[in-house]
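The values are calculated or read from the model by the stated rules, or taken from the named source; none is laboratory data. Bear in mind that the values here come from a model prediction, so they are computed numbers and not experimental data. Using ideal geometry, Cβ is built from the backbone for each residue, glycine included, and neighbour counts are taken over all protein chains shown. The area values use the complete protein model at the heavy-atom level, side chains included, leaving out ligands, DNA and RNA. Shrake-Rupley method; radii C 1.70, N 1.55, O 1.52, S 1.80 Å.
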Amino acid sequence: MQPAFPQSYTLKSNNNMTQQCTVYIGLVVSGVLDVSKLQDAHEVLVGLWPALGGKIITSTKPFSFTSGTIVDFKSRSLQRKLVDVGLTPFAETSSSHPSFHAINTKSDHLFHFDSLSNFPPPPTLFALRVTTLEDATLLGFRFPHHLFDGQACYDAIHAYVSILSGRSIPQLIPPPDIESLLSESVRGEDKLPPSVRPHPHVDLRSNYTLGFWGFAIYIFMSFFNSLRAALGLEEKDEEKMVHLPAEFVESLRNGCQDELEEDTLEGEMIEGKGLELSKNDVITAWLMKGAYATHRPSDRQGVDISFGFNYRRFLDPLPPNQTYIHNSFYNIRTSFPSLTQFQSLPLWRVALEMRLTCVRNMQPKAVKSGIRFLEATTKTLVTPNPPDRPLGIYYGPILSHWTRFEYLCLDFSEALLDRAEGVKGNEGKVLFMQPVSILPFGLTIKPYALVWKDGQGGYWARVNLLKSWWRGFDAFNIA
C-alpha cells in the first residue's frame, strides 16, 4: 500500500550550503525519441512519486517542500544533427591519455533551453526538457540540490527510464527526518585502523564557516573577483571537459598503490599500511596537482580540498524495494598546511591523504557527529570555506564524485520514435552526460570538479579553473 505523502514538509538535516543551488543533468541519447512517450512517462512518475510534483518553498526557514501533481515538461525540435550543435566532441578521445575539451558556453542551454536559472532557484522539484535532433535526443533534467543529492537525482532518472521500459519502480516513502533525527539511526562501532591517527577536521565545525559575516565575506570575495575579471583586472575562469580513459586511470592507481606499499614496507608511511587507494583518490589528486602546479609556492597559504560524502549507507536500512528523496551529503576536508608542501608531495601521497580522510570520516561516530552538525544548522547560514582560512577562496577546491552512478548504461530504446521498425546499432543508448551545478547569481567555485563514469571504464570530469591554471597540467607533466 502506498504510504500517504505529506502535502508540505520540512526536513531536520538538510545541508544549508545547497539552499540556492540547482543541479542540471543533460543526457545525449542516440536516435530520435517519441516526445509523447516521454511526457506520458513523466506524468506516470509524478503520479507514483508525488514528491517530484511539488515545489521548494524558499519563504520558510528552513526551506520546505511540497508534494503534488506538477508535470514540468517541455519539448522542442531542432533540424540539426548532433555533430552540428556544439557539444563536447565526446567521441574524440584517446584510449590511453587524458584529453581536454573546451566547453561551449551555450551547450547547457541546448539541454535546458528555458530551464536554466541562477537566481532565484526554479520552484518545481523535477523538470524535464526534451530537444529532438535529426539523429539524437537531448534530455535536460533539473533538480534543486537542497532536496536532491547525486543519489536522489540518479534514482529519479533511473525510475523514469524504468517506467519507459515497462518495469516496476521502488515505492517512494517520505524522508525519515520529517519526523525523526537521522543522527539517531547511525549504527555500528568505530573500526579505525590502528595505524590511522584521528584528525580534527573530522569535526564539521572546522570545515564550514557559520553565520552572516562568514557568508557575507565569502559572497563579497566571490563578487569582487568576478568584477575584477569582468574589468580585465584579473583573469577569467575557464571550464573544460577532461576525459580520463580507463587504461590511464588504472595505471595511475596501480602506480600510486605500488609506491604506497613500498613506503609502508620501508617504514616510511606507517599510516598508509594496509590501505587500498581508490580511483576517486587518485583522480582527485591528479586534478588538484595539475591545478596548482604552476602557482608560486607559499608557506602561508594552505590548501583545503573538500569533497562530497554521502552518509545514507550508514543509516538504518530500508525495507526492500523502498526509497526516499533526500540530500544526504556533506563535504569532508583534506587540509594541507601550505601550498609549498602540497606542491612538493608526490601524487601517491596526495591520494593517500584523500583515502585517510575517507577512512576517518567513515567511522560511525564521525558520521553521527556530521549529521548532528547538519541538524544543528538548519536555520544557519553555512559557507564552504574553513573558519581558520576565510579568505583563501582560490585554495578551497570542491569536488563531487558521481562515480557510483551508471548514467551511460541507461537505455531509452523503448521510447524510440521508430521502435516498431526495430533498434539499430546504439539507438536509445546514452552517449554522453553533461552535468552542472549552478550557484546563485552566477557565482562559481575555482577549482571545482564534477567527476562521472564514461561507460567504458574511464571517467569524465567537468572542471572549472582560472584560465592560466590549465597550463599546470603540462608543467606537472601528467597530461
Check: When residues of the range 131-149 are filtered for being under 15 Å from the mean Cα position of the chain (by Cα), open to solvent by less than 10 Å² (accessible area, probe 1.4 Å) and farther than 15 Å from Val46 by Cα, how many remain?
Finding: 5
Checklist line | Qualifying positions in the range 390-418 - modelled with pLDDT under 75 and either open to solvent by 50 Å² or more (accessible area, probe 1.4 Å) or not in a loop (DSSP other than H, G, I, E, B) (or both) | finding: Pro390, Leu391, Ile393
Notebook entry, point to check: Got a number for residues in the range 458-479 being open to solvent by 40 Å² or more (accessible area, probe 1.4 Å) and at pLDDT 90 or above?
Noted result: 2
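For residues in the range 298-312 being open to solvent by 40 Å² or more (accessible area, probe 1.4 Å) and in contact with a Phe, Trp or Tyr (Cβ under 9 Å, 6 or more places away or on another chain), which is modelled with the lowest pLDDT?
Checked the range 298-312; the qualifying residue modelled with the lowest pLDDT is Gln301.
In this structure, does Leu182 turn out to be farther than 26 Å from Val430 by Cβ, open to solvent by less than 30 Å² (accessible area, probe 1.4 Å) and among the hydrophobic types (A, V, I, L, M, F, W, C)? Please lay out each step first, then the result.
Details: farther than 26 Å from Val430 by Cβ: yes; open to solvent by less than 30 Å² (accessible area, probe 1.4 Å): yes; among the hydrophobic types (A, V, I, L, M, F, W, C): yes.
So Leu182 passes the test.
Which of the residues belonging to the range 313-348 are in a helix (DSSP H, G or I), touching a residue at least 60 places away in the same chain (Cβ under 8 Å) and either in contact with a strand residue (DSSP E or B) (Cβ under 9 Å, 6 or more places away or on another chain) or crowded, with 20+ Cβ neighbours inside 10 Å (or both)? Walk me through how you get there before you give the answer.
Step one: of the range 313-348, the residues in a helix (DSSP H, G or I) are 313-314, 339-344, 347-348.
If we keep only those that are touching a residue at least 60 places away in the same chain (Cβ under 8 Å) as well, we get 314, 347-348.
Within the range 313-348, Phe314, Trp348 meet the criteria.
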Check: Looking at Lys236, is it more than 15 Å from Gly370 (Cβ to Cβ), among the basic types (Lys, Arg) and either at pLDDT 95 or above or crowded, with 17+ Cβ neighbours inside 10 Å (or both)?
Finding: no
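For residues that are of a type in the set (D, E, K, R) and open to solvent by 10 Å² or more (accessible area, probe 1.4 Å), scanning just the range 264-288, find the one that is modelled with the lowest pLDDT. Walk me through it before giving the result.
Taking the range 264-288 as the starting set, the residues that turn out to be of a type in the set (D, E, K, R) are 266, 268, 271, 273, 276, 279, 281.
Narrowing further to those that are open to solvent by 10 Å² or more (accessible area, probe 1.4 Å): 266, 268, 271, 273, 276, 279.
Values: Glu266: 75, Glu268: 71, Glu271: 84, Lys273: 87, Glu276: 95, Lys279: 97.
My answer is Glu268.
Per-residue answers, yes or no, for (1) of a type in the set (D, E, K, R); (2) over 19 Å from the mean Cα position of the chain (by Cα):
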{"position": "Leu356", "(1), (2)": "no, yes"}
{"position": "Val359", "(1), (2)": "no, yes"}
{"position": "Gln363", "(1), (2)": "no, yes"}
{"position": "Thr377", "(1), (2)": "no, yes"}
{"position": "Thr380", "(1), (2)": "no, yes"}
{"position": "Thr383", "(1), (2)": "no, no"}
{"position": "Pro386", "(1), (2)": "no, yes"}
{"position": "Thr403", "(1), (2)": "no, no"}
{"position": "Glu414", "(1), (2)": "yes, yes"}
